[in-house]
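Inspection log for the structure reproduced underneath, given as structure tokens.
The values are calculated or read from the model by the stated rules, or taken from the named source; none is laboratory data. No experiment lies behind these values; they were computed from the predicted model shown. A quick note on method: Cβ atoms are made from the backbone with ideal geometry, for glycine too, and the neighbour counts reach across all protein chains shown. Surface areas here come from the heavy atoms of the whole protein model, side chains and all, with no ligands, DNA or RNA. Shrake-Rupley method; radii C 1.70, N 1.55, O 1.52, S 1.80 Å.
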Amino acid sequence: MEKGDIVATQEVTLTGDRGTATVEIEALRVDGQVQTLTVFVTPHLTDTSGSLSLFHFLDMHGFRPRLVDKANLKEYSTLEKGAEAWSSDSTATEAGDGETFKAWAVLAAPEDGATSFDVTISHIYPRFTDIPVIS
């Protein structure tokens, strides 16, 4: 799995005393009318024989990140078609201790000349700030 331009990294504590995880975010990539958020998660588990799914990393929620354009007071959410989100499958995306999984989500392209966003991947983790947009 190849990582692109990593622009932010956080170490977060997993719920349920399961350990920690390193979370890395690439710059947001614009392609036409959409932009893609790519996140890499490397779990550091207390039970090293287990694995961590994206679903459990997100405290048993789907992957629905949000982007906030503070300058223009707008929030962007993951695109959906019917009940299907344009994002990684939360239950099929997983990694073992020290391994890395990749998660992605597609959102509307920036409006109003926005060149960076704050990114929230889950309500249980701190927000990433000023993630740049590249074409």
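Within the range 58-71, one or more residues are in a strand (DSSP E or B) and either hydroxyl-bearing (Ser, Thr, Tyr) or over 12 Å from the mean Cα position of the chain (by Cα) (or both).
For the range 12-35: of the residues being at pLDDT 95 or above and open to solvent by 70 Å² or more (accessible area, probe 1.4 Å), which is farthest from residue 52 (Cα to Cα)? Of everything passing the filter in the range 12-35, 33 is farthest from residue 52 (Cα to Cα). Scanning the range 47-58 for residues that are under 19 Å from residue 37 (Cβ atoms) and either without any contact (Cβ under 8 Å) to a residue 40 or more places away in the chain or not aliphatic (A, V, I, L, M) (or both) yields a total of 3.
Among the residues of the range 104-135, those that are aliphatic (A, V, I, L, M) and under 16 Å from residue 12 (Cα atoms) comprise 119, 121, 124.
Every test in (1) surrounded by 15 or more Cβ atoms within 10 Å (Cβ to Cβ); (2) closer than 17 Å to residue 54 by Cα; (3) touching a Ser or Thr at 6+ places or on another chain (Cβ under 7 Å) is passed by residue 91 save one, and that test is (1).
For a quick check of your reading of the model, give me the residue pairs whose first member lies in the range 6-25 and is under 19 Å from residue 61 (Cβ atoms) and in a strand (DSSP E or B), whose second is modelled with pLDDT under 95 and of a type in the set (A, V, I, L, M), with beta-carbon atoms closer than 9 Å and at least 6 apart or on different chains. Short answer, once both residue conditions are applied: 12/124. Scan the range 50-57 and give yes if some residue there is crowded, with 17+ Cβ neighbours inside 10 Å, aromatic (Phe, Trp, Tyr) and farther than 15 Å from residue 128 by Cα, otherwise no. Yes, the range 50-57 contains a residue that is crowded, with 17+ Cβ neighbours inside 10 Å, aromatic (Phe, Trp, Tyr) and farther than 15 Å from residue 128 by Cα.
In the range 89-96 there is at least one residue matching the filter, namely being farther than 29 Å from residue 135 by Cα, in contact with a strand residue (DSSP E or B) (Cβ under 6 Å, 6 or more places away or on another chain) and either in contact (Cβ under 8 Å) with a residue 40 or more places away in the chain or outside any loop (DSSP other than H, G, I, E, B) (or both).
If we scan the range 95-110, do we find a residue that is of a type in the set (Val, Ile, Thr), open to solvent by 30 Å² or more (accessible area, probe 1.4 Å) and under 16 Å from the mean Cα position of the chain (by Cα)? I'd like the intermediate steps shown before the answer.
If we filter the range 95-110 for residues that are of a type in the set (Val, Ile, Thr), which is where we start, we get 100, 106.
The next check asks that each one be open to solvent by 30 Å² or more (accessible area, probe 1.4 Å); those that pass are 100.
Subset that is under 16 Å from the mean Cα position of the chain (by Cα): 100.
Yes, the range 95-110 has at least one match.
Within the range 26-57, the set of residues being part of a helix (DSSP H, G or I) and in contact with a Gly (Cβ under 9 Å, 6 or more places away or on another chain) comprises 54, 55, 56.
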